[in-house]
Amino acid sequence: MEAGPDAAIARVIASAIRLGVELDAHEAAEWIREMAAESTGGDLVVDVEAGVYGHRVTMLDVRPEDLARFRTMAKVVGFEDRPPHVLTALSISGSAAQNKINAYPADCDFFERVHITTDTREEACAILAALIREKALATGGGPRRRLCEVKFGSHPVAASKGGTAVSAGAPMSWTLEEVRAGQLEVTLGDGTARVYTWQDASHEPGWCKLDWVIADATRGQLANASNDLDPTWEAPDGRIVPLDGFLDPYFQEVYLDTGSIPLFSKLVSELTADAVDDYVETLEHEIWKHTIQEPNYGKAARRMYNVFRFDGHYAEAAYIRELFDEPVAALYQVAALIRTLDEAARSGETFETETMVAQVDRLIMSAIQALDGPGEAEMVGHLLRLRDSLRARKSQAEEADDMRGVQLAALGAVNAYFERQLRAVPEIEAYLRAIAQRAP
């Protein structure tokens, strides 16, 4: 994939024209120039007017006009500072942070650094446990939101929960009812039951994450919103210890409050010099997974976009950037939106039926625009039945069948589209062949 920038962009533009992808040559060249430019102030970029900051690579993909929407959601998902012991830094992450290129984002993903200063790790874990439980209970229900799941704690031994196997070290998944009760039950390998309390889970917090369905007033639809926490403990001697065992890098986040810059700077100074290499390596393992083990070329394309931006293959990144603005990419969000509708339909909370029906109507228009022939007929048929079942409040089994049909049809169409468009570019095809040869 090595080539001079002019030759590389010329080849990518030629591929885009051949494949019918609308790529503005001037805009692509300008974006590549900005990506390749050395940042005189370092990698951290602050947008004073918008009040946000992040890595310069990510900040190029931020659309400031969307920030008000995320700040509204942040009132539900975010944690508040409790000085001097608890300081936080909330950001939007993933495709949410890349809202300039992702015209059809699937979810509203947040990422939050929660930094706790206490005398002992045990005290820090107890404070974290109290914060997460308090947030879950405070935002568990209501007319415009519903808490779906909390991940907190790590299973000490293999077991099964609700008929699903969980391995030792896997994150504990809590329903709102289990959080309220302060305990959950699993079945061990010998068939005996074991109860874990919230306090038990606090000893090894592991992956900490909260997921909601939220009524997005700005777009008039329901959305999946999540907050993935990066909890850290600062010891009396100044040592910083990740409570989940890993200090996350900052290459996919846009932080929503410049007042958190001092905390952010303290934490990222702990990252090793090879943090970028580790980040790229992690993404490439996921690319292998989504092209070889569990094919999902939409997810693979998002990760390749990030890899190419960081390893200097800007022309290929510019091409992938345009793929997410094509009509078929709208179907990428269908699986996530169907999951949102499923959660809303199954909840006991009052989500407006007309909001859900209107959301399905928009999916129908996306399918008509993106597909043709039998694929369009199949997708629209599933969506029409789903709309009717939501309006009539039919049984969950009937809704589930149609939701599953929509998801499979959408994922199939998106998978085929991205694989075809990615492999048609010789440089990207060569990269995918190299990825396929790697050991998992």
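The values are calculated or read from the model by the stated rules, or taken from the named source; none is laboratory data. Quick caveat: nothing in here was measured; it's all calculated off a predicted structure. All Cβ positions, even for glycine, are placed from backbone atoms using ideal geometry, and neighbour counts span all protein chains on display.
Considering segment 279-313, and only residues there that are of a type in the set (Phe, Trp, Tyr) and more than 17 Å from PHE251 (Cβ to Cβ), the residue that is surrounded by the most Cβ atoms within 10 Å (Cβ to Cβ) turns out to be TYR297. If only residues of segment 195-243 that are of a type in the set (Gly, Ala, Ser), at pLDDT 95 or above and part of a loop (DSSP other than H, G, I, E, B) are counted, the one that is surrounded by the most Cβ atoms within 10 Å (Cβ to Cβ) is GLY206.
Of all the residues in segment 421-437, those that are charged (D, E, K, R) and touching a residue at least 12 places away in the same chain (Cβ under 8 Å) number 1.
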